[in-house]
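Asker: Dumping the structure here so I can ask a few things about it.
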Amino acid sequence: MARSQNNQKSPAAPKPPLLYAAIAGLLGGAIALAIGEFLSGLSSAVPSMVVSAGDWVIDSAPGAVERWAIDTLGTADKPALVVGTIIITLIIGALTGQLARRDHRFAAAVFGVFGLLGWWFLARNPLTDTSATWLVAFVAAAGGYAAFRLLYAVAQFNESKLVTMEPGGSGKTAKTADTPTNPFATRRSFFGWGGATALTAVALTGLGRQLRGRARVDEAREAIVIDTSTDVATVSADIETFDNIDGLASYVTDSTGNNFYRIDSALTIPQVDPNSWSLKITGLVDNPVEFTLADIQAMDLEDHIVTISCVSNEVGGGLVGNALWTGVPLTKLLEIAGVQTEATQLVSRSVDGWTAGFPPEILQDGRTALLAIGMNGEPLPVRHGFPARLIVAGIYGYVSATKWVEEINLTTWEGFDGYWIPRGWSKKGPIKTQSRIDVPRSRTEIASGPQPIAGVAWAPTRGISLVEVKVDDEPWQEATLAESVSDETWVQWMLEWDAPAGDHVIQVRATDGDGVLQAVGPKRVDPDGAEGWHIIPVRVTET
Ligand SMILES: Nc1nc2c(c(=O)[nH]1)N[C@H]1C(S)=C(S)[C@@H](COP(=O)(O)O)O[C@H]1N2
Ligand SMILES: [Mo]
């Protein structure tokens, strides 16, 4: 009963002039959109509402219409959609303001629908965190509605002398046109509040975009060419792989989109401007140095294929991937800085303050350790540490693989604990030998008959010498290993199997290059990595 309440509170509250009501509605809509932009800047789990609405238009437009739009609007189709969404929202806001003069509940309903629609656009995006989308949509709609109500209220000033004549009054009319019923409702205060609201909307949007900064960094990233002598497409062609086995992880993991696992503590992916980025080497060194990206690019870049893995990878899990990394050997940078003999820990720090540490003496065994700027022939994807990160073969990511790295500090082993160490993880993190069955997929049904059993096994930097597979109670059988470029990468393995109908259990175990059998465990991931043989059940049906 918003209306009767309204009438009761201030029986004489006049309706705002049509134009003012429309402006109030328009600015309420602007605030709602701006809050959405601002919140999406705060968290990478929340995309922009405006962009999501545009995505929906693209997705639901019939192919022909979409092509027409792209042809007609050229590459400007995305900005055009965004501008279109904003304009439509503002027009609806203005209409809402006008209609609210008849019935106040109308505005509440429109902002409510805005919230629901906004939520739906956000939630459609597979990358979003659903609980966050509810919050964002609600805050945006409520904030927009509150702004509208405020402006509407200050617009309820008396437009003309006639309106102020009241029965029982003195018969005199007010001298000014702006005699308010609500003392704050004057033309002047409306423009004051309206201006402030418009500025707030612009500031929130600008701040959100600034925080995200994605487009800017993406553009800068695309302008960078990684000078690599290795063509990632031919890496797998030059060696014998099992890439043709359906469902088996390919030898080199695709690093586009979200195909390569991503682990970090960053709520928003840091957006680092490559032109102002630099890496400092500090601490126990003779010459503290600082390198720009241009400095790094001008050095002799090396290409290495290295498998990296997360200490949190469960037995059979996917927090592992193999990529071609391009960069400068850490030893070369450390040589320039002149590491002192007391330095027993190399701590790397990212732009967001995350840290990792390992003993630099492990670099003496000649393993690959890079300040990497390229991944699979391209600049590092932003989510994988653009413009630079560390890659050290044979130790888990949490002690070494700092993304968005900006400082390497040489210190003592006791002098510092990296990010995860006080949180209950082991200070040293050598990668344990692991093996995984990819084909057939665990808990699936397959048809009886010839069927490969296949997967990957890794033990960087020791390499894999043997993979064995066991079906039910049969003896362990030796799998065939594909080729790998070095002991620093995983290796694909495969065993032909004539699958008989029934329920089966398949297990795998690997032996590393030192002849050490993978630990049977089971042991949980903390504090220093899971142990155990991967065991999967499958159902084979009669063909
Ligand atoms: N800045 C930063 N770098 C980081 C992390 C992080 O939280 N912040 N996580 C590390 C961990 S635990 C792992 S396993 C690897 C994962 O690298 P990826 O996301 O490129 O696969 O990044 C490492 N580098
Ligand atoms: Mo990790």
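The values are calculated or read from the model by the stated rules, or taken from the named source; none is laboratory data. All values derive from a computational prediction rather than experimental measurement. Reconstructed Cβ throughout: ideal geometry from the backbone, glycine too, with neighbour counts over all protein chains shown.
Asker: Go through the stretch 315-325 and give me each residue that's more than 12 Å from ligand 2 (Cβ to nearest atom) and within 19 Å of W533 (Cβ to Cβ). Give the derivation first.
Answerer: We begin by selecting, within the stretch 315-325, every residue more than 12 Å from ligand 2 (Cβ to nearest atom); these are 315-316, 318, 322-325.
V315, G316, G318 - these are the residues of the stretch 315-325 that are more than 12 Å from ligand 2 (Cβ to nearest atom) and within 19 Å of W533 (Cβ to Cβ).
Asker: If a residue has to be outside any loop (DSSP other than H, G, I, E, B) and small (G, A, S) to count, how many in the stretch 408-429 make the cut? Spell out how you get there, then give the answer.
Answerer: As a first pass, look at the stretch 408-429 and keep what is outside any loop (DSSP other than H, G, I, E, B): 408-411.
So of that shortlist, the ones also small (G, A, S) come out as none.
Matching residues across the stretch 408-429 total 0.
Asker: Let me ask you something else. How many of the residues making up the stretch 330-362 are touching a residue at least 24 places away in the same chain (Cβ under 8 Å), of a type outside the set (S, T, Y) and under 22 Å from Y398 (Cβ atoms)?
Answerer: At the first step, the residues of the stretch 330-362 found to be touching a residue at least 24 places away in the same chain (Cβ under 8 Å) are 330-334, 336-340, 342-352, 354-360, 362.
Next, only the ones that are of a type outside the set (S, T, Y) stay: 330, 332-334, 336-340, 342-343, 345-347, 349, 351-352, 354, 356-360, 362.
From what is left, the residues that are under 22 Å from Y398 (Cβ atoms) are 330, 333-334, 343, 345-347, 349, 351-352, 354, 356-360, 362.
Final tally of qualifying residues: 17.
Asker: Please go through the stretch 263-313 and pick out each residue that is in contact with a Ser or Thr (Cβ under 9 Å, 6 or more places away or on another chain), of a type in the set (D, E, K, R) and away from ligand 1 (no atom under 15 Å from the Cβ).
Answerer: Residues satisfying the conditions are E290, D295, E302, D303.
Asker: Okay, next question. Only one residue in D295, D286 is within 27 Å of I224 (Cα to Cα) and away from ligand 2 (no atom under 16 Å from the Cβ). Which one?
Answerer: Working: D286 fails: within 27 Å of I224 (Cα to Cα).
None of the other options fit; the residue is D295.
Asker: Against the condition outside the structural domain of L330 (by TED's automatic domain parsing) and under 30 Å from H304 (Cβ atoms), how does Q492 come out, does it pass? Steps first, answer last, please.
Answerer: Details: outside the structural domain of L330 (by TED's automatic domain parsing): yes; under 30 Å from H304 (Cβ atoms): yes.
Yes; evaluated as a whole, the condition is true for this residue.
Asker: Among the numbered conditions (1) farther than 23 Å from S250 by Cα; (2) at pLDDT 95 or above; (3) not β-branched (V, I, T), tell me where R524 comes up short.
Answerer: R524 satisfies every listed condition except (2).
Asker: Restricting to the stretch 170-206, and then to whatever is modelled with pLDDT of 70 or more and touching an Asp or Glu at 6+ places or on another chain (Cβ under 8 Å), can you tell me which residue is farthest from N275 (Cα to Cα)?
Answerer: T186
Asker: Is at least one residue of the stretch 328-336 in the same structural domain as N258 (by TED's automatic domain parsing), at pLDDT 95 or above and either within 13 Å of ligand 1 (Cβ to nearest atom) or under 18 Å from S426 (Cβ atoms) (or both)? Don't jump to the end; show me each part of the working.
Answerer: Within the stretch 328-336, the subset in the same structural domain as N258 (by TED's automatic domain parsing) is 328-336.
Subset that is at pLDDT 95 or above: 328-336.
Right, trim to either within 13 Å of ligand 1 (Cβ to nearest atom) or under 18 Å from S426 (Cβ atoms) (or both) and you get none.
There is no residue in the stretch 328-336 that is in the same structural domain as N258 (by TED's automatic domain parsing), at pLDDT 95 or above and either within 13 Å of ligand 1 (Cβ to nearest atom) or under 18 Å from S426 (Cβ atoms) (or both).
Asker: Just one of L73, L81, L33, L42 is assigned by TED's automatic domain parsing to the domain that holds N182 and modelled with pLDDT of 90 or more; which is it?
Answerer: Details: L73 fails: modelled with pLDDT of 90 or more; L81 fails: modelled with pLDDT of 90 or more; L42 fails: modelled with pLDDT of 90 or more.
Matching residue, one of L73, L81, L33, L42: L33.
Asker: Does V252 qualify as being within 16 Å of ligand 1 (Cβ to nearest atom) and part of a strand (DSSP E or B)? Walk me through how you get there before you give the answer.
Answerer: Numbers: within 16 Å of ligand 1 (Cβ to nearest atom): yes; part of a strand (DSSP E or B): no.
Spelling it out, it is not the case that V252 is within 16 Å of ligand 1 (Cβ to nearest atom) and part of a strand (DSSP E or B).
Asker: Considering only residues of the stretch 223-248 that are closer than 30 Å to S43 by Cβ and either touching a residue at least 12 places away in the same chain (Cβ under 8 Å) or among the polar types (S, T, N, Q) (or both), which is surrounded by the most Cβ atoms within 10 Å (Cβ to Cβ)?
Answerer: Our first condition is that a residue be closer than 30 Å to S43 by Cβ; within the stretch 223-248, this holds for 223-224, 226.
After this cut, where a residue has to be either touching a residue at least 12 places away in the same chain (Cβ under 8 Å) or among the polar types (S, T, N, Q) (or both) as well, the list is 224, 226.
Details: I224: 17, I226: 19.
Among them, the one singled out is I226.
Asker: Of the residues in the stretch 487-511, how many are outside any strand (DSSP E or B) and surrounded by 15 or more Cβ atoms within 10 Å (Cβ to Cβ)? Break it down stepwise before answering.
Answerer: Keep residues of the stretch 487-511 that are outside any strand (DSSP E or B), which gives 487-490, 500-501.
Pick out the ones that are also surrounded by 15 or more Cβ atoms within 10 Å (Cβ to Cβ) and you get 487-490.
Matching residues across the stretch 487-511 total 4.
Asker: Somewhere in the stretch 430-440, is a residue more than 16 Å from ligand 2 (Cβ to nearest atom) and not in a strand (DSSP E or B)? Can you show your working first?
Answerer: Initial filter on the stretch 430-440 (more than 16 Å from ligand 2 (Cβ to nearest atom)): 433, 435-440.
Within this subset, residues satisfying the condition of being not in a strand (DSSP E or B) are 433, 440.
Yes, the conditions are met somewhere in the stretch 430-440.
Asker: Also: Would you be able to tell me the number of residues in the stretch 136-164 that are at pLDDT below 50 and touching a Lys or Arg at 6+ places or on another chain (Cβ under 9 Å)? Steps first, answer last, please.
Answerer: Here is the first cut: in the stretch 136-164, the residues at pLDDT below 50 are 161-164.
Within this subset, residues satisfying the condition of being touching a Lys or Arg at 6+ places or on another chain (Cβ under 9 Å) are 161.
Count: 1.
Asker: Related question: In the list V315, V272, V311, V289, which residue meets the criterion of being of a type in the set (A, V, I, L, M) and under 28 Å from T341 (Cβ atoms)? Lay out the reasoning, then the answer.
Answerer: Working: V315 fails: under 28 Å from T341 (Cβ atoms); V272 fails: under 28 Å from T341 (Cβ atoms); V311 fails: under 28 Å from T341 (Cβ atoms).
That would be V289, the only listed residue that is of a type in the set (A, V, I, L, M) and under 28 Å from T341 (Cβ atoms).
Asker: So, in the stretch 347-380, of the ones that are over 22 Å from the mean Cα position of the chain (by Cα) and of a type in the set (D, E), which residue ends up nearest to E414 (Cα to Cα)?
Answerer: E361
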